[in-house]
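In what follows, a structure is listed as structure tokens, so that the remarks can point back to it.
The values are calculated or read from the model by the stated rules, or taken from the named source; none is laboratory data. The shown structure was predicted, so the numbers you read here are calculated from the model rather than taken from an experiment. Cβ atoms come from the backbone with ideal geometry, glycine included; neighbour counts cover every protein chain shown.
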There are 2 protein chains.
Amino acid sequence: MATDTRDRILDATADLFRERGYSGTGLKAISTAANAPFGSVYHHFPGGKDELAAASLRRAADGYAAHVLEVLAAGPTDVVEAIRHGFVAAGQTLVDTDFVDACPIATVALEVASSNDALRRVTAEIFAGWLDALDLLFLGAGLDASNARRLSTLFLAALEGGFLLSRAARDPEPMLLLGESVAVAVAAALGR
Amino acid sequence: MATDTRDRILDATADLFRERGYSGTGLKAISTAANAPFGSVYHHFPGGKDELAAASLRRAADGYAAHVLEVLAAGPTDVVEAIRHGFVAAGQTLVDTDFVDACPIATVALEVASSNDALRRVTAEIFAGWLDALDLLFLGAGLDASNARRLSTLFLAALEGGFLLSRAARDPEPMLLLGESVAVAVAAALGR
């Protein structure tokens, strides 16, 4: 039960961060959204908002990476088609969730980049882990290490840029155009 | 003098938004950073924070678009080399400004996308204007309308994703890798 409360707090924090960012999310809103007494937030996270934020970002990042890799694995076997499929799925998720459900890290990462070095480091570790996981995908498809990292970076930046542009416009079109560009870039690197 | 104060308030707001976002920026911090009496913020922006935010985002967006187009115009004549040059310049600016000086819109755009529809619309208009300006660049280089919009979207998403990844890592490398990918994509669309 104690563990359940902790997880509810972490999930509520991630949802609120995704929706309105770090500065816009207070502990009071978190305890309400988690359906947990205010005191339990400090009980589970004696370090306060920053300790909670770090734990929540790490947990959300693991879940999100697993989700993205699942979407890619559930798509076509060919890596180029899987990427196309993944960006279409991301666009559809945006439409289905009224343009709320996007990267759980990006908003906070931009907010803290120049104002909270401890959390900045957490976001850097998360992005580094995601790039490593994408590298494995591209290495497995036959790319060399330097092209793999270049295309991992393109994949991640396109997904993040797609969330930014599609959420602002409330239109999945930027995400779809970006998926096409990433697919074309990977196909070219594979010599097709 | 009244106009000076108004401009100082707008510029200070843009700087604070860029550094820590919308929710993390209070009117008190704005009046301090602008070296303007607190009351003058409401005098110039009777609609309060949202009116000020909209005006500041629009002003910063115009300045930023002009800056990006200047950087591209100051680079090599060839559009592919100009893009490479532009991303190198963005990476260098990040290093020179201790990874603070980035897109003045993105942080706020993510924060408000699902929580403040009036400001969400302002960010959507800004991105749409930037994409139109980039379209003209690519149309002028000989691309058709559909490839122009696809590559404008890639350029903007790569720049935004590059700011996100490079600021988190405090490393210009992601921005440089993204510039290479955008340059390769534009060259391919031009049939090179």
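Quick check on my filter: what residues within the stretch A:81-117 are assigned to a helix (DSSP H, G or I), within 14 Å of another protein chain (Cβ to nearest Cβ) and of a type in the set (A, V, I, L, M, F, W, C)?
A:I83, A:F87, A:A90, A:L94, A:V95, A:A106, A:V108, A:A109, A:L110, A:V112
For the condition among the small types (G, A, S) and in contact with a His (Cβ under 7 Å, 6 or more places away or on another chain), what is the one hit in B:G75, B:G161?
B:G75
Can you tell me which residues in the stretch A:69-96 are modelled with pLDDT of 95 or more and among the hydroxyl-bearing types (S, T, Y)?
Result: A:T93, single match.
Could you figure out which of (1) under 25 Å from B:R20 (Cα atoms); (2) facing chain A (nearest Cβ under 8 Å); (3) not small (G, A, S) isn't true of B:V184?
Condition not satisfied by B:V184: (1).
Can you give me the ranges of the helices (runs of 4 or more DSSP H) entirely in the stretch B:1-72 with at least 3 residues that are hydroxyl-bearing (S, T, Y) and without any contact (Cβ under 8 Å) to a residue 60 or more places away in the chain?
Answer list for the stretch B:1-72: B:2-20.
Check B:L143 against each of (1) more than 15 Å from the chain's Cα centre (by Cα); (2) among the aliphatic types (A, V, I, L, M); (3) in a helix (DSSP H, G or I) and name the one condition it does not meet.
Going through the list (1) more than 15 Å from the chain's Cα centre (by Cα); (2) among the aliphatic types (A, V, I, L, M); (3) in a helix (DSSP H, G or I), B:L143 breaks only (3).
Does the stretch A:143-172 hold any residues that are more than 7 Å from every other protein chain (Cβ to nearest Cβ), free of Cβ contacts under 8 Å to residues at least 12 places away in the same chain and farther than 14 Å from A:V100 by Cα, and which are they?
Selection gives A:D144, A:A145, A:S146.
Restricting attention to the stretch B:126-142, and to residues there that are within 9 Å of chain A (Cβ to nearest Cβ) and not β-branched (V, I, T), which single residue is surrounded by the fewest Cβ atoms within 10 Å (Cβ to Cβ)?
B:A128
When the residues of the stretch A:30-56 are narrowed to those that are surrounded by 18 or more Cβ atoms within 10 Å (Cβ to Cβ) and hydroxyl-bearing (S, T, Y), which ends up nearest to A:D7 (Cα to Cα)?
My answer is A:S56.
Go over the candidates B:E51, B:E19 one by one and state the one that is within 14 Å of chain A (Cβ to nearest Cβ) and among the acidic types (D, E).
Going through B:E51, B:E19 in turn, just one is within 14 Å of chain A (Cβ to nearest Cβ) and among the acidic types (D, E): B:E19.
Out of the stretch B:69-103, which residues are touching a Phe, Trp or Tyr at 6+ places or on another chain (Cβ under 8 Å) and under 30 Å from B:R6 (Cβ atoms)?
Selection gives B:A90, B:L94, B:A102, B:C103.
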